[in-house]
1. Select from region 1-31 the residues that are of a type in the set (Phe, Trp, Tyr) and more than 17 Å from Phe212 (Cα to Cα) and list them in ascending order.
2. For region 73-98, enumerate the residues that are on the phi < 0 side of the Ramachandran plot, surrounded by 17 or more Cβ atoms within 10 Å (Cβ to Cβ) and assigned to a loop (DSSP other than H, G, I, E, B).
3. With region 129-248 as the region, which helices (runs of 4 or more DSSP H) entirely inside it contain at least 3 residues that are assigned by TED's automatic domain parsing to the domain that holds Ile30 and of a type in the set (D, E, K, R)?
4. Looking only at region 1-47, count how many residues are farther than 25 Å from Ile145 by Cβ and of a type in the set (Gly, Ala, Ser).
5. Anything in region 1-41 that is in contact with a helix residue (DSSP H, G or I) (Cβ under 6 Å, 6 or more places away or on another chain), among the acidic types (Asp, Glu) and part of a strand (DSSP E or B)? List them, or say none.
6. Looking at Asn171, Asn150, can you tell me which residue is surrounded by 19 or more Cβ atoms within 10 Å (Cβ to Cβ) and either closer than 30 Å to Ile78 by Cβ or not acidic (Asp, Glu) (or both)?
7. State the number of residues belonging to region 174-192 that are surrounded by fewer than 16 Cβ atoms within 10 Å (Cβ to Cβ) and more than 25 Å from Asn101 (Cβ to Cβ).
Amino acid sequence: MNYHLSDHIYVTQFREELILLDTKKDKYTICFKEFSELLMNVLGRNDLPSNKDHFAASHSQNLLQRSTYIQKLLDDGILEKDVAPYPFKIDQKPHSEGVSNVDWRLPLENKNVGLNIHVLSALWTLIKVNTYIKFKGLYPTIQLIRKSRNPQKVYIIPQDEELRELANVVNKACLMYPSRTKCLEWAMTFVLMALKRKWRCNLEIGVQNYPFMAHAWVECDGKTVMDSQDLREGLGIILNEPFRKVAI
């Protein structure tokens, strides 16, 4: 018997601890070291160093406690049983120093973008993203992105100039929107617009602990779009959709 994370749960390792994201509750949970080790083992990953001194009680008591933890995770809808191994990659940053506080702002360039059909499409997409997040929540918004990818289509890696042009279009739409756009809404809007162009772009969310911080950006071909590459190297990437990374 194998165990999978439920489809609304995402995970990453930052230093010696796992961080869980429950997209239905829009809530992050930092797991203590021993629990992180247990969860990685349950998911078929043995990358965290084992603490052999943990639980000085007997082996049978350890198994009982493990079984209790697993049942609790099943009851809470975090884990589910499956016949196949957990297929997705778990990003791990065991030695990362993290990143300093990110004061994100629109990645504006000195390029004037006029009002056109592309800007109006981006504005409509931005309105849709904000409406989903506000009235439906994070999980349905992530599902919107996942369903916008057609598995029968071939998606390409665009040129850097094409990415910059789309970023300028999204920026123009954000400036027209009546409230301030945050990194998550910007990245989601960009990815949805990119998918319409059949571009292989991902929404990524990275996190760290102590101090806790979460930041969203767009990934294309292993690089951030209009943001610092240090984010992908310094933060644990807890979510990447709709082209989710699979375990090798």
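The values are calculated or read from the model by the stated rules, or taken from the named source; none is laboratory data. What you see is a predicted model, and the numbers here were worked out from it, not measured in a lab. All Cβ positions, glycine included, derive from the backbone under ideal geometry; neighbour counts span all protein chains shown.
1. Here is the first cut: in region 1-31, the residues of a type in the set (Phe, Trp, Tyr) are 3, 10, 14, 28.
Selection gives Tyr3 alone.
2. We begin by selecting, within region 73-98, every residue on the phi < 0 side of the Ramachandran plot; these are 73-76, 78-97.
Retained after the next criterion (residues that are surrounded by 17 or more Cβ atoms within 10 Å (Cβ to Cβ)): 73, 78-79, 86, 90-93.
Matches in region 73-98: Ile78, Tyr86, Ile90, Asp91.
3. Numbers: elements: 138-148, 160-176, 183-196, 230-234.
Of the helices (runs of 4 or more DSSP H) lying wholly inside region 129-248, none has at least 3 residues that are assigned by TED's automatic domain parsing to the domain that holds Ile30 and of a type in the set (D, E, K, R).
4. Final tally of qualifying residues: 2.
5. Within region 1-41, Glu17 is the sole residue that qualifies.
6. Values: Asn150 fails: surrounded by 19 or more Cβ atoms within 10 Å (Cβ to Cβ).
The match here is Asn171.
7. So the count comes out to 2.
Matching residues to (1) at pLDDT below 95; (2) surrounded by fewer than 17 Cβ atoms within 10 Å (Cβ to Cβ); (3) touching a helix residue (DSSP H, G or I) at 6+ places or on another chain (Cβ under 6 Å):
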residue: Ala194; (1), (2), (3): no, no, no
residue: Arg197; (1), (2), (3): no, yes, no
residue: Gly206; (1), (2), (3): no, no, yes
residue: Ala216; (1), (2), (3): no, no, yes
residue: Gln229; (1), (2), (3): yes, yes, no
